[in-house]
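Let me begin by presenting the structure, written as structure tokens, before commenting on it.
The values are calculated or read from the model by the stated rules, or taken from the named source; none is laboratory data. As the structure is a computational prediction, the values presented were derived from the model and not from experiment. Glycine gets a Cβ as well: all are built from the backbone with ideal geometry, and neighbour counts include every protein chain shown. In case anyone asks, the SASA skips ligands and DNA or RNA and just uses the protein heavy atoms, side chains included. Shrake-Rupley method; radii C 1.70, N 1.55, O 1.52, S 1.80 Å.
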Amino acid sequence: MTPRHRVLIVEDEQDIAGLIKHALERGGDAEAEIVGSGDAALRVATERTPDLIILDLNLPVLGGIDVCRILRSRDEVRRVPIIMLTARTSEDDRVAGFEHGADDYVTKPFSLRELLARVRAMLRRRAGGEPLSLTYRGAHLLADFDAVSVLVDGSQIRLTRREFDLLRFLVLNKNRVVSRDRLLERVWGYERVVETRSVDVHVGRLRSKLGSAGRQIETVVGLGYRFVD
Ligand code: CA
């Protein structure tokens with residue numbers, strides 16, 4: 001039996017928090033605790049270190065960014081993955097979240113399926129010893145996955161969420177062939193309604209956006225894709 005993961009949900013809106021808790025616990029592999037304020041989050045997280053924290057950006061009194069920053073300054077919780085929930089979509093807020101130590105974010109209104117997929121991916125990444133921090137520097141490509149910044153020949157490239165995750169996973173497995181099924185599992189999560197052909201479409205778009213760095217993503221006929229260094 002796999003051990004149950006402990007997830008701390010920090011959200012003052014009770015309906016949302018309750019929905020997330022229910023969804024997380026339904027699979028039986030996680031138990032979730034809800035706290036409604038940043039103060040409570042700091043106390044609970046320090047007392048009993050969770051495996052993952054879902055942190056709302058908009059909290060009364062002590063906001064999510066501050067909670068994130070304080071959590072990251074404490075030894076006990078420094079390495080706990082944090083997924084931030086944000087109602088805002090501006091790049092600034094997203095970048096601020098990452099700068100203060102969030103590992104991932106989901107924009108409200110979010111789909112529970114997407115959030116769950118991100119939670120699972122994060123827990124798996126952590127269990128597999130994958131580095132949470134990742135950058136790549138090549139001849140044309142400079143990608144800082146923590147800062148959500150992808151530059152090709154010095155110019156910022158705008159990638160969709162999926163393209164960004166796809167690039168991250170390919171870079172993480174650089175010089176190794178990654179099958180379409182593996183990409184579906186790791187990048188799309190358990191949203192298996194997606195067809196493998198859709199992987200090809202996304203890779204194609206990613207390649208063309210990457211311009212001169214696009215040729216680093218090779219198609220390995222019959223097997224999948226490989227990011228070559
Ligand atoms: Ca809130």
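Things to note:
- Relative contact order of segment 5-127: 22 percent, from C-alpha pairs under 8 Å at least 6 residues apart in sequence.
- Here the relative contact order of the chain, from alpha carbon pairs under 8 Å that lie six or more residues apart, stands at 13 percent.
- Accessible area in square angstrom per residue, the chain, 1.4 angstrom probe: 50 Å²
- Ellipticity estimate at 222 nm from DSSP helix runs (n ≥ 4, -39,500 (n - 2.57)) divided over the chain, nearest 500: -12000 deg cm²/dmol
- Beta bridges per DSSP, both residues in the chain: antiparallel share near 45 percent.
- When the chain is described by a simple charge dipole with +1 on each Lys and Arg Cβ and -1 on each Asp and Glu Cβ, the residue from 223, 82, 171 located farthest towards its positive end is 223.
- Extension gain for the segment residue 108 to residue 134, taken as residue separation times 0.36 nm less the Cα-Cα distance, is 6.8 nm to one decimal.
- Candidate lysines - alpha carbon under 23 Å from residue 209, same-chain residues fewer than 8 apart omitted: 174
- The H on the amide N of residue 9, modeled in the peptide plane, is under 5 Å from the matching H of 33, 34, 35, 54, each at least 5 residues off or on a different chain.
- Cα pair distances in the chain, grouped into 5 Å bins until the bin that holds the longest one, percent each: 1, 6, 14, 18, 18, 16, 12, 8, 5, 1, 0, 0
- With the gyration tensor restricted to C-alpha atoms of segment 5-127, the semi-axes of the equivalent ellipsoid amount to 18, 17, 14 Å, longest first.
- Segment 7-76, dipole about Cα centre (Lys/Arg Cβ +1, Asp/Glu Cβ -1), debye to the nearest 20: 180 debye
- Segment 1-75, relative contact order [Cα under 8 Å, separation at least 6], %: 36 percent
- Within the chain, the longest run free of GluC sites (Glu not before Pro) that sit in a DSSP loop with at most 12 other Cβ atoms within 10 Å is 77-194.
- Proximal lysines to residue 108, defined as alpha-carbon separation beneath 18 angstrom and excluding residues fewer than eight positions away on the same chain: 21
- Using only side-chain charges placed at the Cβ, +1 for Lys and Arg and -1 for Asp and Glu, the dipole size of the chain relative to its Cα centre rounds to 940 debye.
- Annotation: extensible slack from residue 124 through residue 161 equals 11.4 nm (criterion: 0.36 nm per residue apart, minus Cα-Cα distance).
- Amide hydrogen neighbours beyond the local backbone of residue 4, cut-off 5 Å, H modeled: none
- Amide hydrogen neighbours beyond the local backbone of residue 85, cut-off 5 Å, H modeled: 55, 56, 57, 106
- Carbon plus sulfur fraction of accessible area for segment 5-127, probe 1.4 Å, in percent: 48 percent
- Under the Karplus curve 6.51 cos²θ - 1.76 cosθ + 1.60, θ = phi - 60°, whole-Hz ³J(HN,Hα) for segment 58-72, x wherever Gly or Pro sits: 9, 10, x, 6, 9, x, x, 4, 5, 4, 4, 4, 5, 4, 5
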